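What follows is a short report on a single structure.
The values are calculated or read from the model by the stated rules, or taken from the named source; none is laboratory data. The structure displayed is predicted, hence computed values, not measured ones. Positions of Cβ are backbone-derived with ideal geometry, glycine not excepted, and every protein chain shown enters the neighbour counts.
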Amino acid sequence: MMIDGKMKAATLATVLLLGLAGCSNMSQRDRNTAIGAGAGAVGGSVLTGGSTMGTLGGAVVGGVIGNQVDTDDDD
């Protein structure tokens with residue numbers, strides 16, 4: 001079964017919209033963790049040629065780093 005380009009675009013837009021709606025009440029630390037995990041997963045995938053373990057490892061490391069980023073401006 002082939003899915004045409006319009007259907008793919010509509011599905012992607014729906015998933016993206018629902019994903020962003022789920023982040024609306026996240027704390028700054030939670031957002032940093034999610035962003036770090038996403039960036040780490042992409043980096044791990046690129047560095048290991050798309051291996052599952054590289055992607056998961058990058059997501060874990062990126063999430064931990066994102067969680068530990070201090071965004072407190074009261075210094």
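Report, by residue number, each residue of the range 1-37 that is closer than 18 Å to Asp70 by Cα and of a type outside the set (Lys, Arg).
Correct list: Met26, Ser27, Gln28, Asp30, Asn32, Thr33, Ala34, Ile35, Gly36, Ala37.
What are the pairs with Cβ atoms under 9 angstrom where one residue, in the range 1-23, is under 24 Å from Ala34 (Cβ atoms) and at pLDDT below 80 and the other, located anywhere, is surrounded by 10 or more Cβ atoms within 10 Å (Cβ to Cβ) and not aliphatic (A, V, I, L, M)? Sequence gap at least six, or different chains.
Matching pairs, first to second residue: Cys23/Asp30; Cys23/Arg31.
I'm checking my understanding of the structure. Among residues of the range 23-41 that are among the small types (Gly, Ala, Ser) and surrounded by 10 or more Cβ atoms within 10 Å (Cβ to Cβ), which one is nearest to the chain's Cα centre (by Cα)?
In this case the residue turns out to be Gly38.
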